[in-house]
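Chemist: Please read through the structure below; I'll follow up with questions.
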Amino acid sequence: MRRGARRRDAGFTLPELVISTAIAAISIGGIAYGYILSAQSAEWSAYNLAANSLAIQRMEQTRAAKWDRQSIPPVDELVGANFPMAVEILDIPISGTNVALATNITTISTVSAAPPLKMIRVDCSWMFASGRVFTNTVITYRAPDQ
């Protein structure tokens, strides 16, 4: 009996070895997959923030346009022709030729004539590394200069 007890305690059996290897492989695979997902999520967040920044930059340009109905002659620079579609580089870290582009489309529409009010909409479309296209939209309203 003593002799049999020693052999059982001597090492791992084949099923124990296979199960422990499978558990280790699944654990390492899960950690690697989690790291890849977190890196993609961080990259997507950088693209999204850069596109939002471009949309807000265009919005600031439209808000700075002169629209004065009381001047002689009246001035209205807040028209769509003054803000054409623009393809710009996203402000993200790049190396070599991996430049990410975004397209800004500005739409200006009259909401009401009395009182004068215009709606400004800026759509910034960009493509993520996966090939999917996303669009960030910023909308505001503006009255003429006082």
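The values are calculated or read from the model by the stated rules, or taken from the named source; none is laboratory data. All figures in this text were calculated on a predicted structure; none of them were measured in a lab. Glycine gets a Cβ as well: all are built from the backbone with ideal geometry, and neighbour counts include every protein chain shown. For accessibility, only protein heavy atoms count, side chains too; no ligands or nucleic acids. Shrake-Rupley method; radii C 1.70, N 1.55, O 1.52, S 1.80 Å.
Chemist: Please work out how much accessible surface Phe128 shows to a 1.4 Å probe, ignoring ligands, DNA and RNA, in Å² rounded to 10.
Modeler: Counting only protein heavy atoms, Phe128 exposes about 30 Å² to solvent.
Chemist: Can you tell me the length gained on complete extension of the stretch Thr13 to Val99, counting 0.36 nm per residue apart and subtracting the Cα distance?
Modeler: Using 0.36 nm per residue and subtracting the Cα-Cα distance, I get 25.5 nm.
Chemist: Could you work out how far the C-alpha centroid of segment 45-97 sits from that of segment 28-43, in angstrom?
Modeler: Taking the Cα centre of each part, segment 45-97 and segment 28-43 sit 35 Å apart.
Chemist: Which net charge results for the neighbourhood of Asn98, defined as the other residues with beta-carbon distances under 15 angstrom from its beta-carbon, given Lys and Arg at +1 and Asp and Glu at -1?
Modeler: That works out to -2.
Chemist: Something else about it: Could you work out what % of the accessible surface of segment 1-116 is carbon and sulfur, using a 1.4 angstrom probe and leaving DNA, RNA and ligands out of the count?
Modeler: Within segment 1-116, the accessible surface is 63 percent carbon and sulfur.
Chemist: To continue, here is another question. Where Lys and Arg each count +1 and Asp and Glu each count -1, what net charge lies around Tyr141 among other residues with Cβ under 12 Å from its Cβ?
Modeler: +4
Chemist: What is the calculated FRET efficiency for Ile72 to Ala114, with r their C-beta to C-beta distance and R₀ = 25 Å, to the nearest 0.05?
Modeler: Rounded to the nearest 0.05, the efficiency is 0.80.
Chemist: Hey, another quick one. Which of the three applies to segment 23-83, rounded, prolate or oblate, going by the alpha-carbon gyration tensor with a ≥ b ≥ c and a/c under 1.5 meaning rounded?
Modeler: Prolate shape, in that a/c is at least 1.5 and a/b is the bigger ratio.
Chemist: Let me ask you something else. For segment 1-109, which GluC sites (Glu not before Pro) are in a loop by DSSP, counting at most 14 other Cβ atoms within 10 Å?
Modeler: Glu77
Chemist: Please list, short to long, the whole-number percent of alpha-carbon pairs of the chain in consecutive 10 angstrom bins beginning at zero.
Modeler: Cα pair-distance distribution for the chain, in percent: 10, 25, 18, 13, 10, 7, 6, 5, 3, 2, 1, 0.
Chemist: Nearest 10 degrees, 0 to 90: what angle lies between the long axis of helix 14-64 and the longest principal axis of the chain (Cα atoms)?
Modeler: Around 10 degrees separate the two axes.
Chemist: Related question: Work through the residues other than Arg69 whose Cβ is under 14 Å from its Cβ and net out their charges, Lys, Arg +1 and Asp, Glu -1.
Modeler: Summing Lys and Arg as +1 and Asp and Glu as -1 gives -1.
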